[in-house]
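Contents: one structure, followed by commentary.
The values are calculated or read from the model by the stated rules, or taken from the named source; none is laboratory data. The shown structure was predicted, so the numbers you read here are calculated from the model rather than taken from an experiment. Using ideal geometry, Cβ is built from the backbone for each residue, glycine included, and neighbour counts are taken over all protein chains shown.
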Amino acid sequence: MSERGLDDLFERYRAACPEVEPGPNFMPSLWQKIEARQSFWSVFGRFGKRLTTASAALCLLLLALNLFFSPGALNVIPTYADALMADHSAESTDYGEAIRSNTPEAPPER
Amino acid sequence: MLVEPELIERARAADGQAFNQIVLAYRKRILGTISRLIGRPEDVEDVAQEVFVRLYYSLDQLRAAEVFEPWLYRLTVNAAYDYLRRRKRRAESRMSDLSEQQVLMADSAAGLKQDESEREKGRVRDLMNSLFQNVSDEDRLLLTLKEVEGLSLKELEQIYHVKENALKVRLFRARQRVLKAYNMASESGRI
């Protein structure tokens with residue numbers, strides 16, 4: 001078949017597809033479908049809202065329990081200076097002193 | 001456009017009466033387009049209602065009343081596409097339940113009830129449907145909109161948001177596949 005034959009076939013197909021007249025129940029049935037979907041979404045939306053509220057309440061409860069059972073959690077987070085002070089252990093002091101003790105003495109004067 | 005932009009604006013503002021008027025103005029055109037897109041007269045009304053349900057829930061996403069028609073066509077194409085996919089799945093499961101003999105008997109029994117011109121129309125629809133099996137559902141819809149509905153490339157560009165050149169290439173390839181399928185079927189004596 002040629003390109004023209006294909007165009008002709010498309011034309012015949014167009015004529016073979018009947019013009020469908022809307023039935024008498026087209027509009028009532030359409031509105032029923034719209035309302036059915038609306039009620040589905042409203043139920044879904046209500047369920048979603050309740051789930052969100054329940055999740056938020058559960059989060060607050062877990063946070064409260066966490067704070068209640070670990071009193072240290074309320075302590076203020078130390079500053080950088082506090083952390084440095086805490087890290088200034090005896091070990092680092094020894095290391096510094098050892099370096100100092102190994103320093104070669106000054107050469108004797110001639 | 002078949003309706004005034006003000007009517008679309010009113011429908012966007014959840015005016016049920018305005019929406020009703022839009023449906024009444026466009027339903028015949030949409031029914032006709034769907035009839036040609038899916039090739040199954042018995043399912044046309046269901047798909048058209050699905051289009052208008054989608055329209056009702058997506059009117060607030062419409063940018064401007066001026067692009068309403070391409071928007072409506074886009075919804076129509078999407079609903080037809082979903083229908084074709086569903087039908088393919090249903091057909092696969094249904095055909096596996098019936099033997100070939102049963103299918104042929106059912107076809108011939110249905111055929112006897114129709115007169116000759118209706119049968120010829122049915123044959124053309126069946127032929128076109130079988131040729132469309134050789135292209136994807138997307139290409140089938142594009143080909144139908146261009147070659148059967150007679151939409152211009154500019155209109156298709158607005159519906160698909162795809163550049164004209166890309167559409168031309170896609171259409172050319174789809175046509176070639178349909179032609180090849182026709183010639184193969186013709187050589188094997190199936191048509």
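Somewhere in the range B:160-170, is a residue closer than 15 Å to B:Ala80 by Cβ, more than 10 Å from chain A (Cβ to nearest Cβ) and not in a helix (DSSP H, G or I)? Full working, then the answer.
Restricting attention to the range B:160-170, the residues satisfying the condition of being closer than 15 Å to B:Ala80 by Cβ are B:160.
Narrowing further to those that are more than 10 Å from chain A (Cβ to nearest Cβ): B:160.
From what is left, the residues that are not in a helix (DSSP H, G or I) are none.
No, the range B:160-170 contains no residue that is closer than 15 Å to B:Ala80 by Cβ, more than 10 Å from chain A (Cβ to nearest Cβ) and not in a helix (DSSP H, G or I).
Kindly indicate whether any position in the range B:28-43 is within 12 Å of chain A (Cβ to nearest Cβ), in contact (Cβ under 8 Å) with a residue 60 or more places away in the chain, in contact with a helix residue (DSSP H, G or I) (Cβ under 8 Å, 6 or more places away or on another chain) and not in a helix (DSSP H, G or I).
Here is the first cut: in the range B:28-43, the residues within 12 Å of chain A (Cβ to nearest Cβ) are B:28-43.
Now restrict to residues that are in contact (Cβ under 8 Å) with a residue 60 or more places away in the chain: B:33, B:36-37, B:39.
Now narrow it down to the ones that are in contact with a helix residue (DSSP H, G or I) (Cβ under 8 Å, 6 or more places away or on another chain): B:33, B:36-37, B:39.
Still in the running and not in a helix (DSSP H, G or I): B:39.
Yes.
Going by what's in this entry, would B:Gln49 be described as surrounded by fewer than 22 Cβ atoms within 10 Å (Cβ to Cβ), assigned to a helix (DSSP H, G or I) and free of Cβ contacts under 8 Å to residues at least 24 places away in the same chain? Spell out the reasoning first.
On the way: surrounded by fewer than 22 Cβ atoms within 10 Å (Cβ to Cβ): no; assigned to a helix (DSSP H, G or I): yes; free of Cβ contacts under 8 Å to residues at least 24 places away in the same chain: yes.
Here the answer is no, as B:Gln49 does not meet what is asked.
Kindly evaluate B:Glu149 against the criterion of being away from every other protein chain (no Cβ under 12 Å) and either more than 21 Å from B:Arg87 (Cα to Cα) or within 15 Å of the chain's Cα centre (by Cα) (or both). Outline the logic, then answer.
Details: away from every other protein chain (no Cβ under 12 Å): no; either more than 21 Å from B:Arg87 (Cα to Cα) or within 15 Å of the chain's Cα centre (by Cα) (or both): yes.
Spelling it out, it is not the case that B:Glu149 is away from every other protein chain (no Cβ under 12 Å) and either more than 21 Å from B:Arg87 (Cα to Cα) or within 15 Å of the chain's Cα centre (by Cα) (or both).
Only one of (1) assigned to a helix (DSSP H, G or I); (2) at pLDDT below 90 fails for B:Gly189. Which number is that?
In the conditions (1) assigned to a helix (DSSP H, G or I); (2) at pLDDT below 90, B:Gly189 misses (1) alone.
Please go through (1) more than 14 Å from chain A (Cβ to nearest Cβ); (2) modelled with pLDDT under 90; (3) part of a helix (DSSP H, G or I) for B:Asp60 and return the number of the only condition it doesn't satisfy.
(1) is the only condition that B:Asp60 fails.
Across the range B:124-138, what is the number of residues that are within 13 Å of chain A (Cβ to nearest Cβ) and part of a helix (DSSP H, G or I)? Please lay out each step first, then the result.
Filtering the range B:124-138 down to residues within 13 Å of chain A (Cβ to nearest Cβ) leaves B:124-132, B:134-135.
Now narrow it down to the ones that are part of a helix (DSSP H, G or I): B:124-132.
Qualifying residue count, the range B:124-138: 9.
Hey, among A:Glu21, A:Glu11, which residue is more than 7 Å from every other protein chain (Cβ to nearest Cβ) and at pLDDT below 90? Working first, answer last.
Values: A:Glu11 fails: at pLDDT below 90.
Among A:Glu21, A:Glu11, only A:Glu21 is more than 7 Å from every other protein chain (Cβ to nearest Cβ) and at pLDDT below 90.
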